[in-house]
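Take a look at the structure below.
The values are calculated or read from the model by the stated rules, or taken from the named source; none is laboratory data. Note that this is a predicted model, so its numbers are computed, not measured. FYI the Cβ positions are ideal-geometry reconstructions off the backbone, even for glycines, and counts take in every protein chain you see.
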Amino acid sequence: MCYPSRPGLRPSSIRQRQGRVLAGLLLMGAALLGLACGGSGLAPQPSPPAPSAPGGASPSAAAIALPAEPMLTPEPPLSPSEAAPEPAQESPSSPTSAPMPVPTPPPPKESPATPYPRPSPPPPAPESPPPLPTPSPPPVSLSLEAWEYGFALPGQAPSGEAKGGPVLRLKAGSRVRLAVTNRGSLNHVLAVVDQGGGAYTAGAATRLLEPGQGQTIEFTAEKTGSYLYVCPVSGHWAQGMAGSFTIEP
């Protein structure tokens, strides 16, 4: 019979204690056997003499010779972490234990999509400047002198008298600037009219000019054809105070 050893005990002390325990057990067994035999009427059998214990010890205290045991080396004390009892683990098959919930792994985090850089809109096309207005041609400048009873270019009236007038030719759309000077001794007017005497256009006539006065009129020669410039003062046109005014396409 083997008992756990305590740290610090020598093997000889352990064997002495074992012998005492065995002797006590033998005595107790013999007493029980005697009681059993006395109650049943049987004489107890004499027990063989116990072998003498070595060293002159009493038979009751003699220990049964035990095989030699190896020297026991005292074990080092356990660390607090090793000495702490492990918690009992419940068997998963126990009916009272509830099944452990299986943790659901979290869904993988989706990395935010990197937005692709949007192409910048093309720069707006530069607005084309408005077309420059077509410069109108410079006006056609003309000069006439009024005499009794006619019109003449400056410096061309013979001996202070003129009949009719020079022929004026212009392109349709021309801007006309006509300067008229009264060189006679009577009042005169210059007006552009059609063959029937109707006014050609607004602005194509001077006011009544007294001797020595002058006026410049401007108008646009829009209508093509043959027209007249005349002095509409009473009796002057009849005496030949008129000239030809032709507008060519």
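When Thr201 is tested against (1) in contact (Cβ under 8 Å) with a residue 40 or more places away in the chain; (2) in a loop (DSSP other than H, G, I, E, B), just one condition goes unmet, and that condition is (1).
This table checks each residue for (1) closer than 21 Å to Pro154 by Cα; (2) in a loop (DSSP other than H, G, I, E, B); (3) out of contact with any Pro (no Cβ under 9 Å at 6 or more places or on another chain).
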residue: Val176; (1), (2), (3): yes, no, no
residue: Gln195; (1), (2), (3): no, yes, yes
residue: Pro211; (1), (2), (3): yes, yes, yes
residue: Glu218; (1), (2), (3): yes, no, no
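Entry remark, the range 184-216: residues being surrounded by fewer than 19 Cβ atoms within 10 Å (Cβ to Cβ) and over 14 Å from Ala242 (Cβ atoms) number 17 in total.
Taking the listed residues Ala199, Ala157, Ala242, the one that is at pLDDT 90 or above and of a type outside the set (Asp, Glu) is Ala242, with no other qualifying.
What are the residues in the range 140-190 that are of a type in the set (D, E, K, R) and more than 23 Å from Thr220 (Cβ to Cβ), if any? Show your work before the answer.
First pass over the range 140-190, keeping only residues of a type in the set (D, E, K, R): 145, 148, 161, 163, 169, 171, 175, 177, 183.
Within the range 140-190, Glu145, Glu148, Glu161, Lys163, Arg183 meet the criteria.
Being modelled with pLDDT of 90 or more and of a type in the set (Lys, Arg), is that true of even one residue in the range 209-232? The answer is no, given that none of the residues of the range 209-232 is modelled with pLDDT of 90 or more and of a type in the set (Lys, Arg).
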